[in-house]
Amino acid sequence: MNGDLDMNIRSLLALADEMQCKVLYDEPLARYTSFKIGGRCTAMVDINSPDALAQLAHEADYLGVRTMALGNGTNVLFDDRGFDGVIFLIGNSMDKIYMKNETTVTAQAGCSLLKLCRFALEHSLSGLEFAYGIPGTVGGAVYMNAGAYGGETKDVVKLVRAVSPEGRQLEIDAGKLDMSYRHSRFCGSRELIVEAEFELVPGEHDTIQDKMVDLMSRRREKQPLNYPSAGSTFKRPEGQFAGQLIEQSGLKGFSVGGAQVSEKHCGFVVNKGGATCGDVLGLIREVQERVREKTGFFLECEVKYIPYKE
């Protein structure tokens, strides 16, 4: 497939190679998502530094190459045909974490939330307990204002560094992040998150640890962690719970192909085995239609579907 690439993609990948970023061709995206679904991308670049991300973003914009930043892939659904473009993988090669001062933790976008939470625990800093067990990265958490059990990313994020499509490096204060329920300014822009600063508060190590253990136990008890999924499939309607509305509509265990409404928690659509993107999208549409018909509520999908072509 390498020989079939157009000139602009070749130029972008040549720059990635010069910057010592690992380049993978025709990579199966199912390996990089928690749903374990998706075809192949044209190419994937493992980003190894903020400078590399800035230069590659600028080059891609100049050349008109379609790109997408991908972290842990825990809230995305790729098309069965794959992704016609270049994936910027922001993961283990960009997961540095350090203390800026006594209460501020700085973490790169590829840092897992598990690593971030454990780092905070080691330094007896409280505020991130809600995130313990969320299977995403710092970049993903900021992008969608990830939250659980009464806490949200917006409660602790102080500043975000990002790059514009033109490669300019940006510093964005919390007040300009436009964070709301499962939303931030990045949802409507092409800016790419590089790292974030989190303002935490000193606490007792054992108290913080106990809360983290408790929340993790609650996740394991209530969520279908034994099947691939993208977490909560639907946003919570105001004053309601998506899972309850789905169960009330008689959809517990309802399936389309290999995709199923979880029998353990109806707010999750799981890959019961061999599910395709088409199965998941078909199930989501059916759930939305039946819930609106039965309850009057429309469930907005929280999982981001990525089409093969723009």
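From the cross-link list Lys252/Lys272; Lys235/Lys294; Lys272/Lys309; Lys115/Lys222; Lys22/Lys96; Lys22/Lys115, which pairs have alpha carbons spaced over 20 Å apart? Write down the numbers at each step before the final one.
Numbers: Lys252/Lys272 14 Å; Lys235/Lys294 18 Å; Lys272/Lys309 27 Å; Lys115/Lys222 23 Å; Lys22/Lys96 18 Å; Lys22/Lys115 23 Å.
Correct reply: Lys272/Lys309; Lys115/Lys222; Lys22/Lys115.
Any idea how far apart Arg10 and Ser189 come out in nm if each label point goes 7 Å out from Cα toward Cβ?
3.5 nm
On a full-extension model of 0.36 nm per residue, what is the gain between Asp178 and Lys100, subtracting their alpha-carbon distance, rounded to one decimal in nm?
Here the segment from Asp178 to Lys100 would lengthen by 25.7 nm.
Could you work out how much longer the chain between Lys222 and Lys294 gets when fully extended? Use 0.36 nm per residue separation minus the Cα distance between them, nm to one decimal.
Length gained, Lys222 through Lys294: 23.5 nm.
Have a look at Leu177, Leu121, Pro202 and report the one farthest towards the positive end of the charge dipole of region 95-207, computed about the Cα centre with Cβ charges (Lys/Arg +1, Asp/Glu -1).
Farthest towards the positive end: Leu177.
How big is the dipole moment of region 92-208 about its Cα centre under a simple scheme where the beta carbon of each Lys and Arg is +1, that of each Asp and Glu is -1, and everything else is neutral? Debye, nearest 20, please. Write out the running numbers ahead of the final one.
Numbers: 12 positive and 16 negative charges, 87 e Å.
Roughly 420 debye for region 92-208.
So who's got an amide H within less than 5 Å of the one on Gly151, skipping anything under 5 residues away but keeping other chains? H placed 1.01 Å off N, in plane.
Residues meeting the amide H criterion: none.
Once the Cβ-Cβ distance between Gln240 and Tyr149 is put in as r, and R0 is 22 Å, what FRET efficiency do you end up with, to the nearest 0.05?
0.80
Would you please classify the overall shape of region 1-108 from the alpha carbon gyration tensor, given that a ≥ b ≥ c denote the square roots of the eigenvalues, rounded means a/c under 1.5, and beyond that prolate means a/b larger than b/c while oblate covers the rest?
It is oblate, given that a/c is not under 1.5 and a/b is not larger than b/c.
Is there a quick way to get the dipole size of region 83-147? I mean about its Cα centre, with the Cβ of Lys and Arg at +1 and of Asp and Glu at -1; what is the value in debye to the nearest 20?
Rounded to the nearest 20 debye, it is 100 debye.
Could you pull out which residues in region 125-167 have an amide N less than 20 Å from a spot 7 Å beyond the Cα of Leu24, following the Cα-Cβ vector?
Within reach of a label on Leu24: 135-140.
Read the figures in this text as sums done on the coordinates, not as results from a lab. These figures come from a predicted structure and were not determined experimentally. Note that each Cβ is placed from the backbone with ideal geometry, even for glycine, and that neighbours are counted across all protein chains shown.
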